[in-house]
1. Residues being open to solvent by less than 10 Å² (accessible area, probe 1.4 Å), under 21 Å from A:Cys160 (Cβ atoms) and more than 10 Å from chain B (Cβ to nearest Cβ): count how many of those fall in the range A:113-140.
2. Got a sec? Which of A:Phe151, A:Phe108, A:Phe166 is under 22 Å from the mean Cα position of the chain (by Cα), within 14 Å of chain B (Cβ to nearest Cβ) and touching a residue at least 24 places away in the same chain (Cβ under 8 Å)?
3. Please determine, by comparing only the residues of the range B:102-125 that are among the hydrophobic types (A, V, I, L, M, F, W, C) and assigned to a loop (DSSP other than H, G, I, E, B), which one is most open to solvent (accessible area, probe 1.4 Å).
4. Assess whether B:Phe82 counts as being in contact with a strand residue (DSSP E or B) (Cβ under 9 Å, 6 or more places away or on another chain), within 14 Å of another protein chain (Cβ to nearest Cβ) and either at pLDDT below 95 or surrounded by 15 or more Cβ atoms within 10 Å (Cβ to Cβ) (or both).
5. Which of the following residues is within 14 Å of another protein chain (Cβ to nearest Cβ) and either assigned to a loop (DSSP other than H, G, I, E, B) or open to solvent by 70 Å² or more (accessible area, probe 1.4 Å) (or both): B:Leu76, B:Leu48, B:Leu13?
6. Tell me, yes or no, whether the range B:59-73 has at least one residue that is within 29 Å of A:Pro232 (Cα to Cα), more than 11 Å from every other protein chain (Cβ to nearest Cβ) and touching a Pro at 6+ places or on another chain (Cβ under 7 Å).
Amino acid sequence: MGYLRHYLSFYLPRLILSSFLICILSGIFLTIHYRPFGDVFRCVEEITTVIPYGFFFRRLHYITGQLFVILALIHIGDHFLRRTYRRYRFRDWLSLIASIYIAFAIIFMGFVLKGDKEGIFAGNIMLNIIKGIPLIGNSISDIFIREGEDFFWLPFLYHCFILPLFLIIFTRRHIHNWLPNRGFFLYVTLFLSTFAVFFKMPMDIPPDAVVPTVKGPWFFLAIQKCLTKIPPLFAGIGIPISFFILISLISLSKGHLEWFIRYTILIFAIVYGIITILEYR
Amino acid sequence: MKRSVFLKTIFVLATILLCIIFLYPIISYLLYREQKIVKVSFHPNERLGKVNFKKGVYLIKSNHNWYALSAHCTHLGCIVNFDEKTEKFHCPCHGSVFDISGKRVAGPANRPLTRLPLRFMKNGDIIVIKRD
């Protein structure tokens, strides 16, 4: 148990940082050939199948992106269970929670940028959920994603520039050294690169294909399930915001209130996890 | 009112005004959007069946008349599939079902599929007009 705790505290943050840096590097390579206009699906397929080693950079980008958020979730879960949020100032804790939301937003935008049927539908769902916000929804949706020819342009900007910039700004107090151990980083790069060569990515569905069901990214599956039962405003915006408020407030709470928030978050996370696993199968 | 309080109030009001002056052009810039009208043209060869699909539009023949439906589900905008056996539209994202006239039958959508205006051309083409 002591060894596991040591591993989680020492290696996990380094692994998260390494994944993040490799993800940015592989993303830079992908950006060179990616065009967010015209036939985006074709462009992605060209990167994957025609351009030499394009498949490798795409797989590496996918693996490191997923690894980054999954490990970051484990990191937060570890600190949540050890109650280390008590040590943080509210502002710092809020920045860290915001940064994990930003990380999910980056992955979601990346999912849209695939340009396949799933990506286009995910973009449309996001657009319509935002449009559903009373009074301001129609106007503010244009800041995030737009219908028509420039459908992929704003997600591209958010995925490649705006959100990563915010992620770095929000985590700058938390991450003291971006490359603490170069040897470790090199070994991780080597291991993940080898893994990327043999890894099989999920299949892209052509935009014109007719398929009975279309699923969103794995972390969105529980919300997708909720969207079939409850109004989009509650499922798509209410649930994530409520969870954000709860997990942010825990650093301010004490005594019975802390106990209540802590168990509400735990139950919420377990239920969300179960729905996600059931929907993923 | 004391002079210092008065000056403070003026200062706060001036700051708010300045914020609005700076925010207004930013918001206007971000929210500007050109409304585009997209015309989807169906050549006679492209409408041989009863239900024909092109670029997010379903063109449907009913007796001797034509009508067009937007293929975007009114729940959250996914493109609905047409099932020829049941003659119904199914949304692959959240399971809404619509009949051939576009009326909602089941699922979380609460509005029918949007009917789109048609234009019949002299060369035999049917043009469906939709806003992007």
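1. 3
2. A:Phe151
3. Checking each candidate, the answer is B:Met121.
4. Numbers: in contact with a strand residue (DSSP E or B) (Cβ under 9 Å, 6 or more places away or on another chain): yes; within 14 Å of another protein chain (Cβ to nearest Cβ): yes; either at pLDDT below 95 or surrounded by 15 or more Cβ atoms within 10 Å (Cβ to Cβ) (or both): yes.
Yes.
5. Going through B:Leu76, B:Leu48, B:Leu13 in turn, just one is within 14 Å of another protein chain (Cβ to nearest Cβ) and either assigned to a loop (DSSP other than H, G, I, E, B) or open to solvent by 70 Å² or more (accessible area, probe 1.4 Å) (or both): B:Leu76.
6. no
Yes/no matrix, rows are residues, columns are (1) under 23 Å from A:Phe37 (Cα atoms); (2) under 20 Å from the mean Cα position of the chain (by Cα):
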residue: A:Gly119; (1), (2): yes, yes
residue: A:Ile143; (1), (2): yes, yes
residue: A:Glu147; (1), (2): yes, no
residue: A:Pro155; (1), (2): yes, yes
residue: A:Cys160; (1), (2): yes, yes
residue: A:Asn177; (1), (2): no, no
residue: A:Asn181; (1), (2): no, no
residue: A:Leu190; (1), (2): no, no
residue: A:Met203; (1), (2): yes, yes
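For (1) within 27 Å of A:Leu94 (Cβ to Cβ); (2) in a helix (DSSP H, G or I); (3) more than 14 Å from every other protein chain (Cβ to nearest Cβ); (4) open to solvent by less than 30 Å² (accessible area, probe 1.4 Å), each residue gets a yes or a no:
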position	(1), (2), (3), (4)
A:Phe185	no, yes, yes, no
A:Val197	no, yes, yes, no
A:Met203	no, no, yes, no
A:Pro207	no, no, no, no
A:Pro212	no, no, no, no
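The values are calculated or read from the model by the stated rules, or taken from the named source; none is laboratory data. This one's a predicted model, so the numbers in the text were calculated from it and none came from an experiment. Counting neighbours? That spans all protein chains shown, and the Cβs are built from the backbone with ideal geometry, glycine included. The protein model used for the area step is the full one, side chains on, heavy atoms only, and it has no ligands, DNA or RNA in it. Shrake-Rupley method; radii C 1.70, N 1.55, O 1.52, S 1.80 Å.
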